[in-house]
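Each reported figure results from applying straightforward, stated rules to the coordinates on display, with no laboratory input. Please read all numbers here as calculations on a predicted model, not as lab measurements. Note that each Cβ is placed from the backbone with ideal geometry, even for glycine, and that neighbours are counted across all protein chains shown.
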Amino acid sequence: MELVLTTHFGNDQYRTIGTYQELGGYVALKKALGMTSDAIIDEVKKASLRGRGGAGFPAGIKWGFLPKNDRPRVLVINADEGEPGTFKDRLIMSRGPHLLIEGIAIAAFALNAHMSYIYIRGEFVKEANILNEAIDEAYAKGFLGKNILGSGFDLDLTVHRGAGAYVCGEETSLINSLEGKRGWPRLKPPFPAVVGAFGLPTIVNNVETLADVPWIITNGGEKFASLGSEKNGGTRLIGVSGWVEKPGVYELPCGTNLKDIIYKHCGGIKNGKALKAVIPGGSSTPVLRPEEIDVAYDIESMAKIGSASGSGGVIVIPEGTCMVRILGVLMNFYAHESCGQCTPCREGTGWFKTIVSRIENGKGKPGDIDLLLDLCDNMMGRTVCPLSEAAGMPVKSFLTKFRDEFEQHIRDQKCPYGNKFQSAHA
Ligand SMILES: Cc1cc2nc3c(=O)[nH]c(=O)nc-3n(C[C@H](O)[C@H](O)[C@H](O)COP(=O)(O)O)c2cc1C
Ligand code: SF4
């Protein structure tokens, strides 16, 4: 199986520029500097490279949204990686920082952007240090800075650390935070491609999306597309956590069967237990029952079954786990992370937390399930950013697919698993 990103991740020296170059690094940048912008963007379009940050928007099409004017452009890299269950960008930044830097340089050249910022999650101190060292090396070798490799193209790249807010992974909130403002989302339109960072046209892309770009330039968009499934080119880094024998980050072709990811690649459910549920693409994505996981792990196939591959974080839940408690833990998170700007999200996420925790603690009321579903309807599609949907989707899917467990908690006025859910932020 052909790997795009992780071939050399086992080599500790791969993060140094010397080893990276010995193994073929920065050759794609040299090639790209001899191409036109349009030719690079065409190659990325042919690759069917879908954004790896969660929404899966085609990267080449997004790059085409920049207005055709002389205003300076900005390229922002989303390294916030805040979605619970997701831990793959961290691997790229710590094991292959130059892959990302090379991808950024190629993308910036194609977009004619001379300013670029990596917005990295505040907790990733080690990764920020590795990136800064790698950026210094790239400047010293002429891959960043003025007149890159004699091409006449200039690019400055800066690492900006966030302060640990999930909502700052949303692109407009990220831009506000980058500008030194309060990190809450902006109303769209205008979209960042038109008015983004510092009022300038801006493209925001995920770390993995850009790290794929050198391979695409070296090997061609069509080759990349052929590695994956229809409309989903290439491979993906899939982070599998929870109750499996071999949790970790796996690089697999887009469209790999989800059941195979869990049973073949990750060795199946730990200690031979039965599978109870899978959260397939980070905590915001609708939960699946075991009979639903025989599905291609790509954007269209997952959408067909009413869920999503999201940010590539698969959470595996075994038999014997209380689904009410799991939902309670998730709702605690969303209530804490709502920025509070929109009433439906600020109030709704707080009520999600309160109601789910009272059901878990044996104090649920007969109308609570309907109340939760009603809250979902009043929150989804009515707010500035999709965080309220990110909270509503798990609620709706847990209630639909595990309703009997919620009913049992309310009927018996206790958790059948003997759990006590204690909210860390109550
Ligand atoms: C609440 C929220 C949190 C998000 N967090 C992240 C994140 O941590 N990393 C990320 O790449 N995208 C995140 N996104 C998606 C970004 O808004 C944006 O779509 C993405 O960075 C675009 O990059 P891509 O097209 O390469 O995927 C988040 C979105 C929302 C609504
Ligand atoms: S939906 Fe929630 S997180 Fe998003 S802007 Fe509104 S209040 Fe803030």
Remind me, relative contact order of segment 12-227 in percent, using alpha carbon pairs under 8 angstrom and six or more residues apart? 31 percent
Which FRET efficiency, nearest 0.05, do residue 133 and residue 257 yield, Cβ-Cβ r, R0 56 Å? 0.90
Stokes-Einstein D (µm²/s) once Rh is taken as the Kirkwood radius of the chain over alpha-carbon pairs, at 10 °C in 1.306 mPa s: 71 µm²/s
Which lysines have a Cα lying under 27 Å from the Cα of residue 365, excluding residues fewer than 8 positions away in the same chain? 276, 353, 396, 401, 414, 420
Give the lysines whose C-alpha is closer than 16 Å to that of residue 88, dropping any in the same chain fewer than 8 places away, or say none. 126, 246
For segment 2-81 and segment 273-324, distance of Cα centres in Å: 29 Å
Ranked list, fewest to most other Cβ atoms within 10 Å of each Cβ, for 411, 382, 50: 411, 382, 50
Provide Rg and Dmax in Å for segment 12-227, with only Cα atoms included in the calculation. 15.9, 46
If we restrict to alpha carbons, what Rg and Dmax does segment 147-222 come to, in Å? 15.2, 42
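Per 0.36 nm of contour for each residue apart, how much would the distance between residue 231 and residue 69 grow if the chain were fully extended, relative to their Cα-Cα spacing? Working shown, then result.
On the way: separation 162, 0.36 × 162 = 58.32 nm, distance 3.03 nm.
Result: 55.3 nm gained on full extension.
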So how tilted is helix 37-46 from the main axis of the chain? Cα-based, degrees 0 to 90, rounded to 10. 40 degrees
Between the Cα axis of helix 323-337 and the main Cα principal axis of the chain, the angle (0 to 90°, nearest 10) is 50 degrees
Give the residues of segment 51-89 whose amide nitrogen is closer than 16 Å to a point set 7 Å from the Cα of residue 37 in the direction of its Cβ. 60-76
Need one word for segment 108-184: rounded, prolate or oblate. Basis is the Cα gyration tensor (sqrt eigenvalues a ≥ b ≥ c); a/c below 1.5 gives rounded, then a/b vs b/c decides. oblate
Compute the angle between helix 125-140 and the longest alpha-carbon principal axis of the chain, please, reported from 0 to 90 degrees and rounded to the nearest 10. 10 degrees
Specify the inter-centroid distance of segment 120-145 and segment 379-419, based on alpha-carbon positions, in whole Å. 41 Å
Those lysines that a straight Cα-Cα span of less than 21 Å connects to residue 46, excepting residues fewer than 8 apart in one chain: 30, 31, 62, 223, 231
Residue order, fewest to most beta carbons within 10 Å, for 80, 154, 42, 370: 370, 154, 42, 80
For segment 323-412, convex hull of alpha carbons as volume per residue, Å³: 72 Å³
